[in-house]
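Read-outs throughout are calculated quantities, based only on the coordinates presented, and are distinct from any laboratory measurement. Quantities reported herein were computed from a predicted structural model and do not represent experimental measurements. Here the Cβ positions follow ideal geometry from the backbone for every residue, glycine too, while neighbour counts run over all protein chains shown.
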């Protein structure tokens, strides 16, 4: 991608710098990378109060595109809508490392003091779920705070395809209404919306522009979403399965997907279980510990005292028998102090339905979204998730 300024001249620009040049230099100094031209185009569109829809692949720099404008106008406030707490917390950390006053608002961070600090303007980047922005007990009062009335506001929608895939399907209906956030801003006319996604088919694009009430003349930037990633650069992951047979099938499909063959296939993706010989187990553990093995598919055998420092993704296929077992799975991740791990349990609707019934029988509150899920054709569903 084209840089916004020639790297050969960025340190020899005549002084004083223009506001744009100053922002590019500051961004380079804070991130170690010169912003791309498309990122600057987004910043300039937001400066002109134009809405923006950006389609770009994972890892192309959409996160910097959101905040480049703040290097020019640090007094502006950026409200970012994000679908997952894990992403919110990571973005808040990344933006804080860039020197911004950033915070995430979710169940693990929400306190009365944090809401008060947001309302009085302590932060210039606030990241939360669409539900939090619409909740009168959470962030909605901050959107209409008198203390923030004199400042410019920007709304950024990360993973904007969720408007279609989650909002219109009923999974998280509030996604259909996140465009309403603008009406709560002190100056809606000068409060642009920037939506970014790596997934934008025609129907998804139409849903985004409609639900976000994108204004005529919005800027559409489409970089495509294809981005090659060498297999050896994938974050290390563990996939937990109930028995080893599905594990070998998953390994076969993943090797085929990544185009791996020979020793690279065997040493890049492996299956680990209790029936393996000790020498084979030690070999797999060694490959995983040194980083050559990127995806390890395992039964419960791996939870017995295993310590691998760099696991960033843990997937559990179907619900384990006990909560303690899942905690053991999750505990394999992020054993180094400087990384985070995303832990996901992949379940069928029938499993959710059983859990909801157990919670109701025990008078435990259940999320309405989960309570509304109904299993249809349990046997077919179980087959679908494995094939």
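Taken as Cα centroids, region 102-154 and region 13-28 sit 30 Å apart, rounded to the nearest whole angstrom. If I take R0 = 56 Å and measure r between the Cβ atoms of residue 252 and residue 75 in this structure, what FRET efficiency does the formula 1/(1 + (r/R0)^6) give, to the nearest 0.05? The calculated FRET efficiency here is 0.50. Between region 164-178 and region 206-277, what's the alpha-carbon centroid distance in Å? Cα centres, region 164-178 to region 206-277: 25 Å.
Once you keep just the Cα pairs under 8 angstrom separated by 6 or more residues, what percentage relative contact order results for the chain? This gives 13 percent for the chain. Gain on full extension, evaluated as 0.36 nm per residue between residue 146 and residue 173 minus their Cα-Cα distance, stands at 6.8 nm. Modelled this way, with points 7 Å down the Cα-to-C-beta line, the labels at residue 324 and residue 12 are 6.8 nm from one another.
The calculated FRET efficiency for residue 290 paired with residue 109, based on their beta-carbon distance and R0 = 35 Å, is about 0.45. Once both labels are positioned 7 Å from their Cα atoms along Cα-to-Cβ, the gap between residue 116 and residue 340 label points is 2.7 nm. Within the chain, the ratio Rg/Rh, alpha carbon atoms throughout and Rh by Kirkwood, equals 1.00. Each 10 Å bin, from zero up to the one with the longest distance, holds this percent of the alpha carbon pairs of region 290-363: 17, 45, 25, 12, 1.
Mind pulling the per residue volume of the convex hull built on the Cα atoms of region 10-224? Å³ is fine.
Cα-based convex hull of region 10-224, divided per residue, equals 117 Å³.
Here the residues 231, 171, ranked from fewest to most Cβ neighbours within 10 Å of their Cβ, fall in the order 171, 231. Length gained on full extension, residue 349 to residue 278: 21.8 nm, using 0.36 nm per residue less the C-alpha separation. Exposure proxy for 292, 113, 281: other Cβ atoms within 10 Å of each Cβ, ordered fewest to most, give 113, 292, 281. Between helix 85-97 and the chain there is an angle of about 50 degrees, using the helix long axis and the longest principal axis of the Cα atoms.
If R0 equals 45 Å, the separation of the Cβ atoms of residue 261 and residue 86 corresponds to a calculated FRET efficiency of about 0.85. Calculation over all alpha carbon pairs of region 231-346 in 5 angstrom steps from 0 returns a P(r) of 2, 12, 24, 27, 22, 11, 3, 0 percent.
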